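The values are calculated or read from the model by the stated rules, or taken from the named source; none is laboratory data. Just so it is clear, the structure is predicted and the values come from calculations on it, not from any experiment. No Cβ is skipped: glycine too gets one built from the backbone with ideal geometry, and neighbour counts run over all protein chains shown. Just the protein is used for accessible areas: all its heavy atoms, side chains included, with ligands, DNA and RNA removed. Shrake-Rupley method; radii C 1.70, N 1.55, O 1.52, S 1.80 Å.
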Amino acid sequence: MRRLREVAIAGVGLTRFDVYDGEKGHASKEGYELGMEAILNALQDANMEWKHIQAAFCGTVYQNTGSGHQAIDQIGMTGIPIVNVENACSSGASAFRLAYQSIATELYDIVLAFGYEKMPRGFIRSTAWPLWQRQMGFNVQPANYAKETVRYMEETGATEEDFARVTVKNRKNGALNAYARFQKEVTLDEVLSSRMIAKPMRLLHCCPLADGGAAIILCSRNKLKSRSKVVTVAASVLNSGIYGSETGGTGSTGGGGSVRIHNDIVELSAREAWKMSGYGPEDIDVVEAYDTMAPGELWDIEKLGFCRKGEAPKLLREGALDINGRLPVNTDGGLMSRGHPLGATAAAQIIEIYKQLRGEEGPRQVSGNPKIGLAHSMGAGSNSVITILKR
Amino acid sequence: MSGSPKQIPVKEGLWIVPSSPDGKPQLIGSRCHDCHEVFFPKKAYGICNHCQSKKLEEIKLSRDGKIYSFTVVMQKPPEFYRGPVPYAEGFVELPEGVRVQTLLTDCNLDDLSVGMNVELVIEKLHEDEQGNEIVTFKFRPATSNKGRSGG
């Protein structure tokens, strides 16, 4: 493969992830307004103007045609290419990867990646299942995670309490994040007595929905406005659907599965990310793992290679995954606190790593001068995206 | 009155009902001649999505399997499902080497477990607007389990 140019992050922007329906004291905002706000915040952070942006990639899932165009139309139509990316819950990171590639291959110097979503309410609707499977009730996302969770419990001895601890940790971190939907801690008892959704998944094992936007401006090193604390992309990997994924719980269409062939999409993308970056799990100072459902964070940590299968619950119990632990995971509260605006989520994960590496996270800043961080997102289909940043 | 309501499969081609009166239904799958992977439902376009071979044969799958994983859904799905809530669904592993996603029926929802022996049945899923009975495949605890569950 040809040699890739180094790509830096010039600036980032978020909106608060919240409910923007105009009810119960919430502001009323359209999805594209959230995208626009995130872009304006990123421009300010990068000390750049809109006219500097040469291309834009926008991740959304449930917005209308031309979602990126709608947001950008409010700022300026300069004739640059805008490409809308739908890769389910990993759309924002998939947009980031396209922006990264277009600079790394020297097609452009300054590119915007962003994502936003104004979420439909209730269970996330998916048309990825054939009609007959929807009629049979197979399209319940927590149920698909539940089946993967039952296997995980069977194979590792993990318990419901272990999963509840993920929620407790992440909600504790989220209480330090002014951009999270939920900024209030929860107790183990509250999680374990919350309503059952799909056994063994309870309400507080599931991330809440939210509306929001997230934007990242990437550039070649020579286009940066500031040379202090430069953060660059060490790896950007996307893998989609691989044959032999166990139950397909994190996103396939569920029609069946192989008994003989075992492949795991997260393990695959981890191998590729370690190879591309030249780093290994021992080099990583801060992690954004994929906690759309609480148990998922545990097996994510294991599949990414930070510990052996079944060991993540012990790390969590010992406090190793806390902000002041030896492997801080989801320091911004994860999906569990931020909430989950599908198109924005995976970009927000990358933003958290960026800000941690720059030492800008105030009360939730990881100590010890973190230099390398990893963000992992999953998406139905399935998709697995890993981004490794370094300072 | 026309008697019993008309029965319509949730989708054609998922299972076969033998013509003999004591015949039992079987799910229809595909097997790849080249890599020997087995699929359910059968591959509609005749391509093995493991090795891309086009040499697929239609096979009838065993009626008996074991629960590989399952869940009990406590909340009504977003659309189209019109059966009872809560309901159980899961993956059943068949001896041919394929896991089938299926509803689990005729069981105490609290008694389901990984490894439980189950058997295929064709049952009502729901009634449509015209009063027709929409039927589908499900698995239920095998008769061989029932002696043990009480103890």
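With protein chains left intact and a 1.4 Å probe, residues in region A:1-43 average 51 Å² of accessible area per residue. To the nearest ten degrees, helix A:91-104 and the longest principal axis of the Cα atoms of chain A are 40 degrees apart.
Highest mobility in the GNM of chain B, judged by mean-square fluctuation with C-alpha springs under 10 Å and restricted to B:V100, B:V135, B:V17, is found for B:V17. Which whole-angstrom value gives the distance between the alpha carbon centres of region A:147-207 and region A:290-362? Each part reduced to its Cα centre gives a spacing of 13 Å. For the residue pairs B:K43/B:K66; A:K118/A:K223; A:K199/B:K66; A:K147/A:K303; A:K172/B:K76, alpha carbon separations beyond 25 Å are given by A:K118/A:K223; A:K172/B:K76. A 1.4 Å probe run over the protein chains yields, for region A:164-250, 38 Å² of accessible area per residue, whole-number rounding.
Shape of region B:1-102 from the C-alpha gyration tensor: oblate (a/c of 1.5 or more and a/b not above b/c, with a ≥ b ≥ c the square roots of its eigenvalues). Association of chains A and B removes close to 3600 square angstrom of accessible area from solvent, both sides included, for a probe radius of 1.4 Å.
Applying both filters, DSSP loop and at most 16 other Cβ atoms within 10 Å, to the chymotrypsin sites (Phe, Trp or Tyr not before Pro) of region B:1-64 gives B:Y45. Remark on the protein assembly as shown: ratio of C-alpha radius of gyration to 2.2 N^0.38 Å is 1.01.
Straight Cα distances below 15 angstrom link B:K24 to the aspartates and glutamates B:D64, B:E119, B:E123, with same-chain residues fewer than 8 positions distant left out. Of the solvent-accessible surface of the protein assembly as shown, computed with a 1.4 Å probe over protein heavy atoms with every protein chain present, carbon and sulfur atoms account for 47 percent. Between helix A:294-303 and chain A there is an angle of about 80 degrees, using the helix long axis and the longest principal axis of the Cα atoms.
Ranked by the mean number of other Cβ atoms within 10 Å per residue, highest first, peptides A:58-67, A:141-150 order as A:141-150, A:58-67. For the pair A:S193 and B:S20, label points projected 7 Å from Cα toward Cβ lie 6.0 nm apart.
Compactness check for region B:73-132: Cα Rg over 2.2 N^0.38 Å is 1.28. Accessible surface comparison of A:W274, A:W299, probe 1.4 Å, protein chains only, largest first: the order is A:W274, A:W299.
With a 1.4 Å probe and every protein chain left in place, work out the accessible area per residue of chain B in Å², rounded to a whole number.
On the way: 7840 Å² over 151 residues.
Result: 52 Å² of accessible area for each residue.
Comparing mean-square fluctuations of A:E23, A:E311, A:E267 from a GNM of chain A with C-alpha springs under 10 Å, the top value falls on A:E23. Here the dipole of chain A is about 500 debye; that uses its Cα centre as origin and unit charges on the Cβ of Lys and Arg (positive) and Asp and Glu (negative).
Structural descriptor for chain B: relative contact order 21 percent, calculated from alpha carbon pairs under 8 angstrom and at least 6 residues apart.
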